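Single-structure report; data block below.
The values are calculated or read from the model by the stated rules, or taken from the named source; none is laboratory data. Here the structure is a predicted model, which is why all the values come from computation and not from measurement. Quick reminder, even Gly has a Cβ in these numbers, built from the backbone with ideal geometry, and neighbours come from all protein chains shown.
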Amino acid sequence: MSLEETVRQLADKQAIVDLNHRLCHLLDSFELDRMVREVFAVDGSDDHGEGPVVGREAILAWYEDSTANVASVSHNICNAIVEVDGDHATMRSNVITWAWMRSTADQGPLRPADYGLSLRYIDELTRYPEGWRIDSRVLVSNVSKVGSASIIAVGELPRTQKGIHALALKEPPAVNGR
């Protein structure tokens, strides 16, 4: 690989990781319309456990509904692995999420999180004229050696987080799987 190709690949990988960080920052700031426009492809999809939601309008509606009862949230991305193949890429990353619900807001600003989760994202991306965008995002459980989903959860996950409850019933990625 030439130096120019190496630099291009490194720049692409950083742009894709930055896109993931932008998604989390905008989501945590409840700037959902910007998040969907700046991160997802027009016909992109997002699957948080109940099956894919397709298209920007549907993705926006899903996020508005799923955050309606959330007072504050913090998505923390780690262990991102990006594989670029021309104008297409795959990214696998872990996400640790802390959430505070509206129902406990009366406990004050220093209250503990209502729940925390550790899961992973699998993203398929394409380079469009406006930059890299997510074509497909799938939330999956952590890899498991025991054959059942491994969703590291702290606190009580509200029943309104239906996708995560559905995800807990799905087959987890294989131990040696990608």
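Table for the structure above
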| quantity | calculated |
| --- | --- |
| Residue tally, condition part of a strand (DSSP E or B), farther than 16 Å from CYS24 by Cβ and among the β-branched types (Val, Ile, Thr), over segment 71-118 | 3 |
| Residue list for segment 114-132, filter: polar (S, T, N, Q) and closer than 18 Å to LEU10 by Cα | THR126 |
| Any hit, segment 99-108, residues being hydrophobic (A, V, I, L, M, F, W, C), at pLDDT 90 or above, more than 28 Å from ARG8 (Cβ to Cβ) and surrounded by fewer than 13 Cβ atoms within 10 Å (Cβ to Cβ) | yes |
| Members of segment 119-148 that are crowded, with 16+ Cβ neighbours inside 10 Å and part of a loop (DSSP other than H, G, I, E, B) | SER141 |
| Members of segment 105-128 that are of a type outside the set (A, V, I, L, M, F, W, C) and in contact with a Pro (Cβ under 9 Å, 6 or more places away or on another chain) | ASP114, TYR115, ARG120 |
| Criterion (free of Cβ contacts under 8 Å to residues at least 24 places away in the same chain and either touching a His at 6+ places or on another chain (Cβ under 6 Å) or charged (D, E, K, R) (or both)) met by exactly one of ARG102, ARG111 | ARG111 |
| Subset tally (residues that are within 20 Å of VAL42 (Cα to Cα) and surrounded by 14 or more Cβ atoms within 10 Å (Cβ to Cβ)) for segment 59-85 | 5 |
| Residue within segment 20-33 that is surrounded by 18 or more Cβ atoms within 10 Å (Cβ to Cβ), of a type in the set (D, E, K, R) and either within 21 Å of TRP100 (Cβ to Cβ) or over 16 Å from the mean Cα position of the chain (by Cα) (or both) present | yes |
| Residue within segment 50-69 that is outside any strand (DSSP E or B), in contact with a Gly (Cβ under 6 Å, 6 or more places away or on another chain) and under 23 Å from ARG37 (Cα atoms) present | yes |
